[in-house]
Every structure is written in C-alpha cells, then in structure tokens.
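Everything below concerns the one structure shown next.
Bear in mind these aren't lab numbers, they're just calculated from the coordinates by the rules spelled out. Note that the structure is predicted; figures quoted are calculated from it, not measured. Neighbour counts are summed over all protein chains in view; Cβ atoms, including those assigned to glycine, are modelled from backbone coordinates with ideal geometry.
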Amino acid sequence: MKSLKVYTGTSDEERVKFYREGVFVIPAHLNGNKLNHDPGDLGSGCYCDTRLYRARFYGKYLFRLTLDASKILDLGCPYGGPENLSQPWLKPLFYDENGGMKTVQLPKDQRIKAAEQITRELLKRGYLGARWGSEVVLFSNDVVLEYVEIKRNGRAINDY
C-alpha cells in the first residue's frame, strides 16, 4: 500500500482534543452542529498539506498524518479551468454553466453547499480524500493510517 505523509494543525482547544484521538474529520453532532472543518475549494473536510511550513499556518498544535494514498483522488488542477481536472465527471461538481468555480465564486452559503456536494460525490465513488498539488483534504478518518502530534504551543514534542 502506498502512503502519503501530510501535516495539519489547529489552534482550537476543543478541536485539538479530537485530533489527539485520531479524529480529524469531526462529525457535526460531536461539535455542537457547528461547521467544524473547512468547507474549502476542494470539498468539505480537514485540510492538510504535504509541506510542513504550510501546515504551520493552520495553528499552534501540529500533527503529522500518514494516509492511504490509494484512497486519495488527485484532482489535477481545479483552479486552471475544467479542462485541467483529472476526471471529466468532476467538471459539474467544480464548475457552473458559466465556467466559474463554484467553491470560489458563488455566495458563501452556495460555496458551502458546493463543497459538501464534492465531498458526498467523492465518498460515493470510494475516495476518502482529494489532492491538488501539496494540498490534501480528508473526507473521512478511515484514510488515516497513523498520526502523531509533532508540535504543541509552538514547541516540538516529536520528530517532524
């Protein structure tokens, strides 16, 4: 099995409790039904990056995750237009009839719905996450093979 190492983080004291238990995609009913993860451009879930320096922007608590790479869909380049997506079936998920990227150009409530639709469709097709370049979004905790907290309150606690 091919694996992928990524990093994520948070400064939210409640969320870090879940992360320490290996729960990175937090069900809404466990978090007061609040939007508790990034509705983001690539789908709704927990955002990570293959580059540690980018993950440092996510918060003061940092985690290194090892993912099952076979369950992550490489999206191609969703920001480069529909012709640059890795799969033709992604086009109506990401782009409207005018060629605008739904998760970027629509009003906020519609962007959230578009991100949730991307997540549902990819999960339905067996993908537990998606990737564009160094950015990875997790739709399910089942893609996480192992995890370790590497930084707490700005101090290293484990090897990177």
- Item | Straight-distance crosslink candidates among aspartates and glutamates, where the alpha carbon sits under 14 Å from Lys60 and sequence neighbours closer than 8 are dropped | Asp12, Glu13, Glu14, Glu149
- Item | Packing-based exposure ordering (other Cβ within 10 Å, fewest first) of Arg51, Arg131 | Arg51, Arg131
- Query: Residue by residue, what Karplus-based ³J(HN,Hα) values in Hz, rounded to whole numbers, does region 146-151 have, using 6.51, -1.76 and 1.60 with θ = phi - 60° and x for Gly and Pro?
  - Reply: 7, 8, 8, 7, 10, 8
- Query: Would you list Thr10, Thr119, Thr66 from fewest to most Cβ contacts within 10 Å?
  - Reply: Thr66, Thr10, Thr119
- Message: Take the residue pairs Lys17/Lys113; Lys2/Lys113; Lys91/Lys151; Lys71/Lys102 and return only those whose Cα atoms are more than 30 Å apart.
- Response: Lys2/Lys113; Lys91/Lys151
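Taking the Cα centre of region 52-160 as origin and charging only Cβ (+1 Lys, Arg; -1 Asp, Glu), how large is the dipole, in debye to the nearest 20?
So the magnitude is around 420 debye.
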- Item | the chain - Debye-derived log10 I(q)/I(0), Cα point model, q = 0.19, 0.20 Å⁻¹ | -1.20, -1.30
- Task: May I ask for the angle, rounded to the nearest 10°, between helix 108-124 and the longest principal axis of the chain, with both axes built from Cα atoms and the value confined to 0 to 90°?
- Result: 80 degrees
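Relative contact order of region 3-156, please, whole-number percent, based on alpha carbon pairs below 8 angstrom and at least 6 residues apart. If you can, show how the numbers build up before the last one.
Working: 286 pairs, mean separation 52.4, N = 154.
With pairs under 8 Å counted, the relative contact order is 34 percent.
Per-residue ellipticity at 222 nm for the chain, helices alone: DSSP H runs ≥ 4 residues times -39500 (n - 2.57), over residue total, nearest 500 deg cm²/dmol?
Per the formula, -6000 deg cm²/dmol.
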- Under-5 Å amide H pairs with Lys60, H placed in peptide plane, nonlocal only: Thr10, Ser11
